[in-house]
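Please read the structure below before turning to the comments.
Since every read-out is calculated from the coordinates, none of them should be taken as a lab result. Just so it is clear, the model here is predicted, and its values are computed rather than measured. Cβ: placed from backbone, ideal geometry, glycine included. Neighbour counts: every protein chain shown.
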Amino acid sequence: MDTSKSQLEPIYTYEFTVPKEAVDENGHVNNVMYVQWMQDAAVRHYEAMGGRQITIDIGATWVVRSHKVEYLRPAFAGERIKVETWVVNMRRVRSLRRYRFLRSADEQVLVRGETDWVFVDASSGVLRAVPAEVTKLFTLLPDEIKT
């Protein structure tokens, strides 16, 4: 079962148990799983803040421009993982979001990452300015959390 903290805080946090399907032939979580979990965390946070309905109403969406992932320690099937994500900035058509994955048992940082998102028209894919009703949803945390 996934759990999450109050979503009115600038850092969105939730926990989950690593499924055995996420483990590769090396016996630990496959690296590409973290990219999926980063996207999942961003979507969960945005939905919790009410952003999804806003973008649907105005015919827009967010798409990934780039991901950066730094793998520090392995994770294994059955371990509880805590994901933290927060928004660093909102620019005209872009937003930078950071992530941190911690092993719940010992709070060791497993992975750090970031995604550069762009705001686009949902039907044409053309860049759009991020509207004020979206930017006001988030408290920006420009400095990375100390790890």
Of the residues in region 58-78, those that are surrounded by 15 or more Cβ atoms within 10 Å (Cβ to Cβ) and more than 30 Å from residue 133 (Cα to Cα) come to 71, 74, 75
Where a residue in region 68-91 is in a loop (DSSP other than H, G, I, E, B) and its partner, wherever it lies, is hydrophobic (A, V, I, L, M, F, W, C) and loosely packed, with under 14 Cβ neighbours inside 10 Å, with Cβ under 9 Å and at least six apart: 79/105
So how many residues does region 57-67 have that are assigned to a helix (DSSP H, G or I) and either closer than 15 Å to residue 35 by Cα or free of Cβ contacts under 8 Å to residues at least 60 places away in the same chain (or both)? 1
Some residue of region 69-91 being more than 14 Å from the chain's Cα centre (by Cα) and within 26 Å of residue 120 (Cα to Cα): yes
Residue count, region 23-32, condition surrounded by fewer than 19 Cβ atoms within 10 Å (Cβ to Cβ) and either among the acidic types (Asp, Glu) or within 18 Å of the chain's Cα centre (by Cα) (or both), comes to 5
For region 41-48, state whether one or more residues are surrounded by fewer than 18 Cβ atoms within 10 Å (Cβ to Cβ), without any contact (Cβ under 8 Å) to a residue 40 or more places away in the chain and under 30 Å from residue 123 (Cα atoms). yes
The conditions are (1) buried (at least 19 other Cβ atoms within 10 Å of the Cβ); (2) outside any helix (DSSP H, G or I), and residue 38 fails exactly one of them. Which is it? (2)
